[in-house]
Amino acid sequence: MSGKRETVVDVQGTVEDGFEPVRDAFLANFARRGERGAAVAVYRHGRKVVDLWGGTKDGDAPLDGTAAPWEAGTAQVIRSATKGIAAVVPLLLHQRGQLDLDAPVGTYWPEFKAAGKERVLVRHLLSHRAGLPVLDTPLTPAQAIDGVSGPAAVAAQAPAWEPGTDHGYHAQTYSWLLGELVARVTGRTLGSWIAEEVAGPLGLDLWLGLPPAEQSRTGRLAAVETPAPPASSGLRVRPKQAVADAYADPASLTNRAFGAIAPAPDENAPEYRAAELPASAGVATARALARCYAALIGAVDDRPRLFAPATLTLARTEESAGPDRTLQVSTRFGLGFMLHGPAAPLLAPGSFGHPGRGGALACADPESGIAFGYVTNGMQRNVTADPRAQALLRAVAGSSPVAG
């Protein structure tokens with residue numbers, strides 16, 4: 001008898017009755033979708049109903065039982081899923097009357113007015129309409145995290161299009177745009193604001209600026225192959241050629257947006273994890289992501305919801321929609337959050353959240369009361385719709401308590 005023996009992964013954690021399909025989908029991610037190490041958590045109406053983890057702590061380790069396992073407290077760099085967590089800050093500042101979303105950014109940050117940006121509004125930053133996804137001169141990894149070079153670069157940069165007239169994903173520049181705005185308004189860094197006002201009170205294992213004491217619990221990211229879907233699945237194996245060409249073309253807006261830091265930083269380096277880059281360098285557990293989004297839409301334990309109804313409406317009201325100049329597909333954004341759509345399917349039409357390139361996803365659906373968090377150390381070649389995260393979302397939606 002011959003053939004490849006299937007690797008058996010020890011998945012640990014709990015699921016409440018009715019959510020068993022989520023465990024099945026999580027196991028299938030390891031068996032069929034190239035998962036290495038990951039965790040998924042789900043809250044419903046403020047109560048945790050799924051909390052699963054499995055695989056290896058490090059994405060480049062073998063799945064043969066010899067490597068350090070993913071544990072209950074393992075955290076992970078979540079790439080652009082950080083953007084959704086970061087967006088909580090300006091929306092709460094607006095809710096508290098400290099930030100006017102319709103004010104010019106230059107009201108708070110005078111240097112930003114340079115190069116024709118006088119009419120860029122705060123809401124343009126949050127909805128990727130500022131026209132600033134690229135830098136004429138990319139930053140080095142050291143400059144990207146020094147807290148000075150990034151804000152100076154975006155303040156001096158001329159827009160790639162008339163601000164407010166179109167949208168294109170600000171893949172890297174979102175870090176310095178949002179981080180400096182919050183610093184000017186509050187006198188605090190965005191990471192410290194999250195720690196003091198959100199993560200601390202909610203008891204979240206979530207950081208923008210990972211402390212030295214938490215470095216050892218964080219897994220290593222590694223690039224892994226995306227398995228081809230079965231021929232009968234109807235899914236495309238390759239992206240459309242125009243999209244692939246845009247990512248490969250050094251002169252394209254797409255390539256330049258993702259290459260605003262060059263060479264690409266080492267995301268496993270302690271100094272990168274310690275950096276406060278709101279676009280990409282957040283570190284979290286799946287449990288923390290789900291709990292944070294649960295707190296945005298409702299009470300968690302004895303704590304009141306973070307977003308007032310009007311703020312929740314702002315988060316998920318469409319600000320940008322249609323062809324994305326950077327991502328080359330149609331995207332939808334509210335204020336700081338991606339919205340449900342073909343390029344980034346979430347739980348339901350009213351959902352809001354944010355994926356991370358290559359895997360991570362966090363989102364919430366106020367109508368069903370569901371909040372979802374997924375983190376992984378196996379970075380696959382996708383941007384907004386990771387097949388593992390999508391399988392888990394479908395399982396949540398199909399679970400009996402949600403499907404009814």
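Read-outs: derived from the displayed coordinates by stated rules, not from any lab. Because the structure is predicted, anything quoted here is derived from the model rather than measured. All Cβ positions, even for glycine, are placed from backbone atoms using ideal geometry, and neighbour counts span all protein chains on display.
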>> For the chain, take the longest principal axis of its alpha carbons; what is the angle in degrees between that and the long axis of helix 20-32, to the nearest 10 within 0 to 90?
In response: 90
> Of [x] 32, 24, 20; [y] 30, 27, 18; [z] 37, 23, 20, which one was derived for semi-axes √(5λ) of the Cα gyration tensor in Å from the structure shown?
Replying inline: [x]
> If you stretched the chain out fully between V243 and A28, how much longer would it get, using 0.36 nm times the residue separation minus the C-alpha to C-alpha distance?
Replying inline: 74.5 nm
> In which sequence would M379, M338 go, from the one with the fewest C-beta neighbours within 10 Å to the one with the most?
Replying inline: M379, M338
> If you average the sequence gap of Cα pairs under 8 Å that are 6 or more apart and divide by the length of the chain, what percent do you get for the contact order?
Replying inline: 25
> How about K117: which aspartates and glutamates have a C-alpha closer than 18 Å to its C-alpha, ignoring those fewer than 8 places off in the same chain?
Replying inline: D100, D102, D136, E162, D166, E180
> What order do you get for K117, K57, K83 when you list them from fewest to most C-beta neighbours inside 10 Å?
Replying inline: K57, K117, K83
>> Only counting other Cβ atoms within 10 Å, I'd like D58, D386 sorted with the fewest neighbours first.
In response: D58, D386
> Where does each of 71-78, 244-251, 365-372 land if you order them by average Cβ count within 10 Å, highest first?
Replying inline: 365-372, 71-78, 244-251
